[in-house]
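Written below as structure tokens is the structure these notes are about.
The values are calculated or read from the model by the stated rules, or taken from the named source; none is laboratory data. Computed from a predicted structure; not experimentally measured. Glycine gets a Cβ as well: all are built from the backbone with ideal geometry, and neighbour counts include every protein chain shown.
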Amino acid sequence: MEALKQGSDVLFILLGAILVLAMHSGFAFLELGTVRKKNQVNALVKILVDFSVSTVAYFFVGYGVAYGVSFLVGADELVARNGYDLVKFFFLLTFAAAIPAIISGGIAERARFWPQLLATAVIVGLVYPLFEGVAWNQRFGIQAWIKGLTGEEFHDFAGSIVVHAVGGWLALPAVILLGARSNRYRKDGGISAHPPSNIPFLALGAWILTVGWFGFNVMSAQTIDKVSGLVAVNSLMAMVGGTLPAHTATSPASGPLCTNPGSLRPRARAASVPPT
């Protein structure tokens, strides 16, 4: 029975890792749809190479900083419990790699390729694991200090602070330092039109991220006996709760929750007048 539970836990967290890994294709298509066409290939390559650099940095440095685990031990120790510790690393790696992807979207078309990869290595290898180790592995005694101060430890179930807020905090100074995109502002100070280059790709990226988010949130339980349907339904309602107000706020004056039918009709061409 214990072997069955171990195998189930490994499969559970492996499926979670695959779902969150798929989110990186969502990040790629989301960025692809927002940048100009000349930069679309760069956006795709950047997300792919960013993930590769994140994997190497987290494997050799970051995971050890956060959890005190080294992969330079015997294989017998690593494959114990059906290799659960290995797939746990895979799962947590996909979380770590989400931070450079978040930053990448914020500085799209403004950052040079190689310096951004260097920043990715530093963030995933050193900066992020410090937050991760404090929140999820009781590292450095900070949780004990928080509990002594407030009576409770800091709790972050699926990375709302540890992953997403940290990614936003790191992206903010990068955005400020790099400034606006080239030709974003006209000489008179007005804002130049900068529409998305490919709305279908942007929407595809958003849908891929939506599906992957259930792996991000629900499977943060990390073992099958701790999974909660409440987390799944909360994630679902958060999605629709954000979609409907956004659509209402951006709908035309003809009525909320309805796309203006006139905007979908092709414009009539001016009638040609025969020469006299």
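Points to keep in mind about this one:
- Per the conditions (1) farther than 24 Å from Arg181 by Cβ; (2) free of Cβ contacts under 8 Å to residues at least 40 places away in the same chain, the sole criterion not satisfied by Ile18 is (2).
- Ile208, sole failed condition from (1) under 20 Å from Gln116 (Cβ atoms); (2) in contact with a helix residue (DSSP H, G or I) (Cβ under 9 Å, 6 or more places away or on another chain): (1)
- Summed over segment 173-221, the residues that are aromatic (Phe, Trp, Tyr) and at pLDDT below 90 give a count of 1.
- Tyr63 being out of contact with any Ser or Thr (no Cβ under 8 Å at 6 or more places or on another chain), at pLDDT 90 or above and buried (at least 16 other Cβ atoms within 10 Å of the Cβ): yes
- Residue match in segment 180-202 (condition: over 26 Å from Asn39 (Cα atoms) and in a helix (DSSP H, G or I)): no
- Residue check for Glu109: among the charged types (D, E, K, R) and not in a helix (DSSP H, G or I): yes
- Checking each residue in segment 212-228 for being touching a helix residue (DSSP H, G or I) at 6+ places or on another chain (Cβ under 7 Å) and not in a loop (DSSP other than H, G, I, E, B) picks out Gly212, Trp213, Phe214, Gly215, Phe216, Asn217, Val218, Met219, Ile224.
- All told, Gln138 falls short of being surrounded by 14 or more Cβ atoms within 10 Å (Cβ to Cβ) and free of Cβ contacts under 8 Å to residues at least 12 places away in the same chain.
- Ala174 vs. criteria of a type in the set (Gly, Ala, Ser) and in contact (Cβ under 8 Å) with a residue 12 or more places away in the chain: yes
- Hey, Val61 over 19 Å from His164 (Cα atoms) and either in a helix (DSSP H, G or I) or among the hydrophobic types (A, V, I, L, M, F, W, C) (or both) or not: yes
- Some residue of segment 83-104 being on the phi > 0 side of the Ramachandran plot, part of a helix (DSSP H, G or I) and modelled with pLDDT under 90: yes
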